[in-house]
Amino acid sequence: MEKLDIDIRVPNQTRYLGLIGRVGEDVAHTLRGYRGDREELAYHVNLVLTEAITNAIRHANEDDPDKEIRVSISVDRGRLIIRVFDQGAGFDFKDRSSPEFRSLDEHGRGVYIIRSLMDSVEYRQTDSGHVLEMIKDLN
Amino acid sequence: MIVQIEEKDTAVLITVKEERLDAHNSGELKTQMLNLFEEGKNSLVVNLEEVRFVDSSGLGALVSGFKNASARSGSLKLCNLQPQVKSMFELTRLHRVFEIFPNVDEALASFS
């Protein structure tokens, strides 16, 4: 599978969610040699990007319009690596309980969705904030 | 967000006129539903025919409507879910919470 690197910076606003989601879908559609369900992969990439960026905008960057979000989407050695960088003090990214126990909560499904759809998820500090790294094995 | 609101005999039909229901526009759906509850309209059908993509915020808005309707002895039901949208309800187990119908007519008829 080819090597690919896309780097995007957008203002800290939810109106850019659709734009980045579409870029993610296009990456899934463009991948060479992917044998799985491409439409499903596209939807999942769009979804984890949307969830991760929403968390970064609302919780880490606290809706501050002067901050920005950086997103990198890479394909390397059969792995899809998505990183969402925030400029904040971070947010609580704990593994939540199964949705069975909180079926009528209005919030808290985003982290569960990301963990369900990606093979590896890590949230760590950087020089200027935090990064959420999400990896999916494409083989 | 553009939602189309129509009063039918048995319930109020809310048709979401957006391809994406996400953190950017789900607050508006929530507000529209709250307006209906304030007017005493507690039997709602949300038609998701045009929605191709829903995230956890979109699901949260629908859960909010469901809870508010139930608390007022009404009900919020869904219809016309596209396959990927349906899979989101299954992933989050919300398909066990909502009554989901294949089309508008069946959803409306379920209220009579």
When the expected Rg is taken as 2.2 N^0.38 Å, what fraction or multiple of it is the alpha-carbon Rg of the range B:3-109?
0.95
Considering only A:40, A:106, A:51, give the residue with the highest GNM mean-square fluctuation for chain A, with springs between Cα atoms whenever their separation is below 10 Å.
A:106
All-pairs Cα distance distribution in the range A:4-137, expressed in whole percent, bin size 10 Å:
12, 45, 34, 9, 0
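Work out the FRET efficiency for residue A:62 and residue A:119 from their Cβ-Cβ distance, taking R0 = 41 Å, and round it to the nearest 0.05. All intermediate terms of the calculation are to be shown ahead of the outcome.
Details: r = 30 Å, r/R0 = 0.72.
So, using R0 = 41 Å, E works out to roughly 0.85.
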What's the magnitude of the charge dipole for the range B:3-109 around its Cα centre, counting Lys and Arg as +1 and Asp and Glu as -1 at the beta-carbon? Answer in Debye, nearest 20.
420
Using Cα springs under 10 Å in a Gaussian network model of chain A, which residue among A:57, A:81, A:113 shows the largest mean-square fluctuation?
A:113
Taking the alpha-carbon centre of each part, the distance from the range B:62-104 to the range A:6-70 in Å is 25
For chain B, with a Gaussian network of springs between Cα atoms less than 10 Å apart, report the residue from B:59, B:44, B:76 with the top mean-square fluctuation.
B:59
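Stokes-Einstein diffusion coefficient for the protein assembly as shown at 20 °C in a medium of 1.002 mPa s, Rh from the Kirkwood formula over Cα pairs: what value in µm²/s?
Values: Rh = 18.9 Å.
It diffuses with D of about 113 µm²/s by this estimate.
FYI, it's all coordinate maths here, none of it is from the lab. Nothing here was measured: the structure is a model prediction, and the numbers come from that model. All Cβ positions, even for glycine, are placed from backbone atoms using ideal geometry, and neighbour counts span all protein chains on display.
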